[in-house]
1. At most 14 other Cβ atoms within 10 Å and a DSSP loop assignment: could you name the chymotrypsin sites (Phe, Trp or Tyr not before Pro) in the stretch 78-142 that fit?
2. What length, rounded to one decimal in nm, is gained on full extension from Arg102 through to Val135, with 0.36 nm per residue of separation minus their alpha-carbon distance?
3. For the stretch 106-161, compute Rg over Rh where Rg is the Cα radius of gyration and Rh is the Kirkwood radius from the inverse mean 1/r over Cα pairs.
4. Would you tally the net charge around Ser92, using a Cβ to Cβ cut-off of less than 12 Å, leaving Ser92 out, and scoring K and R as +1, D and E as -1?
5. Per residue of the stretch 135-146, what does 6.51 cos²θ - 1.76 cosθ + 1.60 with θ = phi - 60° give for ³J(HN,Hα)? Whole Hz please, x for Gly and Pro, Karplus curve as stated.
6. In nm², what is the average projected area of the convex hull enclosing the Cα atoms of the stretch 44-150?
7. For the stretch 103-116, in order, what is each residue's ³J(HN,Hα) by Karplus, 6.51 cos²θ - 1.76 cosθ + 1.60 with θ = phi - 60°, in whole Hz (x at glycine and Pro)?
8. Taking K and R as +1 and D and E as -1, what net charge do the other residues with C-beta under 14 Å from the C-beta of Phe55 add up to?
Amino acid sequence: MVDLAVDVQEEDFYQDLTCGPIFGNIFKYISPMLQLQAVHHIAIICSDYERSKRFYTEILGFTIDREVYREARNSYKLDLSLNGQYIIELFSFPSPPARVSRPEACGLRHIAFIVANVEESIAALHVKGIHPEPVRVDEFTGKKFTFFADPDDLPIELYEI
């Protein structure tokens, strides 16, 4: 096998930095693959900090790891864990713009959580005044799932494993 990285001249390499298509083709041969290990956290900006804090802790069952008020930003930062795993970073900012959820737009679509039983999870949400969509079945895996929304209309999926 030919080591293509050896065939790349230094001057060609720097010239290609300014030319995306050429650079991309060369770069794949001389750069190691990015070694992602896991998702570290999901950052969520809310419009009503206390309401969202109650939702994520009292409705969804997250544990507060750390809560900080950042005076210079007039903003809270709340670190939340689920089953000992840090997952959500909840932020408040003064007057954040509304998130577009419908119609679906580019960008992050939703967050999804694994549950053992979708119907039992829906029943528990009903008790707390949350009414998810009807249960659907993933056409590729045969697994059940449903959606509901957080207080700012961020879609949340429950996926049965």
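Bear in mind that the values in this text are calculations on the coordinates, not laboratory data. Everything numeric here is computed off the predicted structure, so don't read it as measured data. Virtual Cβ from ideal backbone geometry, glycine too; neighbours counted across all protein chains shown.
1. Phe140
2. Between Arg102 and Val135, full extension yields an extra 9.9 nm.
3. Numbers: Rg = 11.3 Å, Rh = 11.6 Å.
The Rg/Rh ratio comes out at 0.97.
4. Net charge in that neighbourhood comes out at 0.
5. Whole-Hz 3J(HN,Hα) from phi for the stretch 135-146: 5, 10, 10, 5, 5, 9, 9, x, 8, 7, 7, 8.
6. 8.2
7. x, 4, 10, 5, x, 4, 8, 6, 10, 10, 10, 7, 10, 7
8. -2
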